[in-house]
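Report on one structure; see the data block that follows.
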Amino acid sequence: MPGVATEVSLGLVGYVAIGPDGSVFVVDDAAGRLLRIKDGQATIAYAGSAKGGRVGGLAVSPAGKVVVLTTDGLLEITGDGKSTLIATLAQLGGVTPGSETPLTYDGAGNLYIANSNGYKVLRRAADGSMSTVAGTGKFAPLLPPLGDGGAATAAPMSHMTAMVVDTKGDLLIGQAQGALRMVSVDGTLSTIAGVGTTRVSSSSEVIAPDGTKATDLKLSQVASLAVDLQGRIYVGDSQSGVIFRINADGTMTFVGGDQVGTVAPTTTGLPANQTRFADANGLAFDRSGALLVVEAGLLLKIDGVGAA
């Protein structure tokens, strides 16, 4: 049962988001619920559908609107624990809640919805109107990435596993096959990380050195994204078990994972770059600039990342 946050048992944790009041919202997909953590206490913000099924994605607007995608559809959760259906799954093109339906808001309150089943990203404006911002509805394999330099709406897409809007208003889309795409404010598509030949990590624990161009990296799965106040992008590669930052000049800096060959588990309190991550399925910055990481049934915090 919810209570002291550090004593709550989590199952399959997928998404994490921060409310404007500092509340931390976490999707516990295995239990089909949404938890809210505030002042060290965890409460149930959404207990799940009577139908059962998965929960995900999750997004919190700048105004504090909390939305989750469930088997009932896209729900808006209010502070009293009640939910309002704002779109059915059919209205969203037949999306399936889970790890390939990330949601994110931009600064203007527009909601972006990844429909991996339909190979599109949809935008739900504040007035409820829907439009397509990326994808044609046709599947495209990752290599080579198609459509760079043209309109994102004219480019076929593959499965999408993470989304975030950066400080400039550009939409960043992580793909399961290891590419990070960007839809700029003017609608142009580009690839900003992945599809290179330098592995970010490997079974032999070879780590790409800091300063490597993000476009030279060979990623496994972009499972999570976050942006700090300086506009730098943080990428969680779940299959490689690492977190890295894309700097303003397009190079990468290693943030979390076993960079030095330490074999200690996640919870030892070692520096983040000396910690073995099983995955990094969710990332979000809290108001102090600490990076929250969803990691194998745990919610971890890396202090000082955004200020580094």
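Computed quantities for the displayed model
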{"read-out": "Three-way shape call for segment 146-187 based on the alpha-carbon gyration tensor, with the a/c threshold at 1.5", "value": "oblate"}
{"read-out": "Segment 36-190, relative contact order in percent, only Cα pairs under 8 angstrom and at least six apart counted", "value": "14 percent"}
{"read-out": "In order through segment 108-122: 3J(HN,Hα) via Karplus (6.51 cos²θ - 1.76 cosθ + 1.60), integer Hz, x for Gly, Pro", "value": "8, x, 7, 9, 9, 10, 7, 10, 5, 5, x, 6, 9, 10, 9"}
{"read-out": "Local electrostatic count at Ser220 - Lys and Arg +1, Asp and Glu -1, tallied over other residues with Cβ under 10 Å", "value": "+1"}
{"read-out": "Estimated Rh, the chain: Kirkwood, alpha-carbon pairs, angstrom", "value": "19.2 Å"}
{"read-out": "Total formal charge among the other residues, if their Cβ is under 10 angstrom from that of Thr198, Lys/Arg +1 and Asp/Glu -1", "value": "+2"}
{"read-out": "Cα gyration tensor, segment 57-109 - rounded (a/c under 1.5), prolate or oblate", "value": "oblate"}
{"read-out": "Label-point separation, Thr43 to Asp148 (7 Å along Cα→Cβ), nm", "value": "4.8 nm"}
{"read-out": "All lysines inside 20 Å of Lys120 as judged from Cα atoms, apart from same-chain residues fewer than 8 positions distant", "value": "Lys138"}
{"read-out": "Residue-span extension gain [Arg123 to Arg287] - 0.36 nm each, minus C-alpha spacing", "value": "56.4 nm"}
{"read-out": "Listed peptides 212-224, 31-43 by packing density, highest first (mean Cβ within 10 Å)", "value": "212-224, 31-43"}
{"read-out": "Over segment 8-128: Kirkwood hydrodynamic radius from C-alpha pairwise inverse distances, Å", "value": "14.2 Å"}
{"read-out": "Which of Gly169, Ala63, Gly149, positive extreme of dipole for the chain (C-beta unit charges)", "value": "Gly149"}
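Values in this text are rule-based calculations from the coordinates and carry no lab data. Small disclaimer: the values here were computed from a predicted structure and weren't measured. Glycine gets a Cβ as well: all are built from the backbone with ideal geometry, and neighbour counts include every protein chain shown.
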